[in-house]
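Here's the structure, in C-alpha cells; my notes come after.
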Amino acid sequence: MSELHKFIFDGLPVRGAIVRLTDAWQEILQRRAGNSETGAYPEAVATLLGEMSAAGVLMQSNIKFNGSLVFQIMGDGPVKLAVAEVQSDLGLRATASLVGQANYPLKDLHAPLANLVNAHGVGRCAVTLDPKDRQPGQQPYQGVVSLNDFNGGRFERLSDALQFYMQQSEQLDTVLVLAANDQVAAGLMLQRMPVKGEANLAAATESGDAEHDAQGLNEEYNRIATLASSLKQEELLTLDVETILRRLFWEEDLLRFELQADEKPPRFACTCSRERVGSMLVSLGAQEVESVIAERGQIEVGCDFCGQQYHFDPIDAAGLFTDAKIQPPSSGVVQ
C-alpha cells in the first residue's frame, strides 16, 4: 500500500515528509498501458511522471487546503504537458501529453526534464491550488516559474526545478530527492520553516540576538539538508521508510506524526467511471448509440486523463436505455 510519513526535528524549524507510491502509481501506469490507442508511457516519460506524482503528494501534504493541488510542467519537448493532480484527501491521478506516441530514443535518461519538456529553454513549472468549494469571485491560486535557473541554464532534474519553485514562489528553503521506476514512485522533502514573528524578530534585533540565532538555525538546517541530499535514488526506491530515516537521521531527535483516524494514505483516484460513461451515452440518445454500434460493433470510450477505456457491446448499450437508474448528466464530457 502507498504510504506517507511526516516528521519534524525537535527544537528546530525543519519539517519533512517521505512518500512511497506503490499501488497508486502502478494503477496509473496500468491504465495507460492498457489503452489500445496510446499504449504505455515511454520509460523516461514514466519516470518523470512518477517523480511528479510523488512531489505532488509531498506538496499537498504540507498545506491545509480543501481542494486540489495541480502540479504541471509544460514546454516544447516531446512531452508538451505533464500533470499530477492531488486532492486534499491524497487521492491522485497523473497524465502526460506527448507529441506523437512513439518511444523516443532519448540517450540522456539521467536528465529527463531538460530532454523531454524543456528542449529549447521555454519550459514552465506551475502549481495551482483550486478550492473545492469556491466562494463568489474566488479564483484558484497559481504560481509559475521557469524551468531554467537564473543564468538561463536548463534544470536537468525535476527536484532542482521544484526547489527553485519553492524558493522563488513560496520563499521556503527546500531539499527534494525524487525517484521512480515501474513499481514505485517515491520522494523525500525537507523544508526550513520560520520560527519567529516580525515582532519577535524586531525584539531580537534590538537585543543583538537575531544574527546569532539566524546563523545557528542556518547551520542546523544546512547540516540536516546535507544529510537528506546524500540519499541516492536507488535507496529511495528499494529501502523501506524506517530504514531510510534511520540511516539518514540516526543522530537527530526526530518526531514522527502518526496517521490520524480520519486520514487516508495516498491512493489513485480519477473522476472517470463506467457509470459516468454510461450516463454520457444515454445523454446522446438511443439512435446515436445504435448508429455507432452498427458501424463499429461496439462503443469504446477512453478517459483523456488516466487512459482507462470503457467498452460497451450491443447488449451493454441496449441495457443503458432499459436501466431506469441511469440519468443523463448535466454535461456530456467525461473528465
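Observations, loosely collected:
- The label-point distance for His311 and Asn66, in a model that sets each label 7 Å from Cα toward Cβ, rounds to 4.3 nm.
- A straight chain from His120 to Asp253 at 0.36 nm per residue would run longer than the Cα-Cα distance by 43.4 nm.
- Restricting the calculation to alpha carbons of the range 36-87 gives Rg and Dmax of 12.7, 39 angstrom.
- Exposure of Asp240 as accessible area (Å², to 10), given a probe of 1.4 Å and all protein chains: 80 Å²
- Rg and Dmax of the range 9-139, Cα atoms only, in Å: 16.3, 54
- Taking 7 Å steps out from each Cα toward its Cβ at Gln30 and Asp149 produces label points 4.1 nm apart.
- Cα-Cα over 22 Å, subset of Lys80/Lys264; Lys80/Lys232; Lys132/Lys264; Lys6/Lys80; Lys64/Lys132: Lys80/Lys264; Lys80/Lys232; Lys6/Lys80
- Note on the range 122-193 and the range 48-64: Cα centroid distance 9 Å, given to the nearest whole angstrom.
- Diffusion coefficient, µm² s⁻¹, Stokes-Einstein with Kirkwood Rh over alpha-carbon pairs of the range 210-322 at 25 °C and 0.890 mPa s: 123 µm²/s
The values are calculated or read from the model by the stated rules, or taken from the named source; none is laboratory data. All values reported here derive from a predicted model rather than from experimental measurement. Here the Cβ is made from the backbone with ideal geometry for all residues, glycine too, and neighbour counts use every protein chain on show. For accessibility, only protein heavy atoms count, side chains too; no ligands or nucleic acids. Shrake-Rupley method; radii C 1.70, N 1.55, O 1.52, S 1.80 Å.
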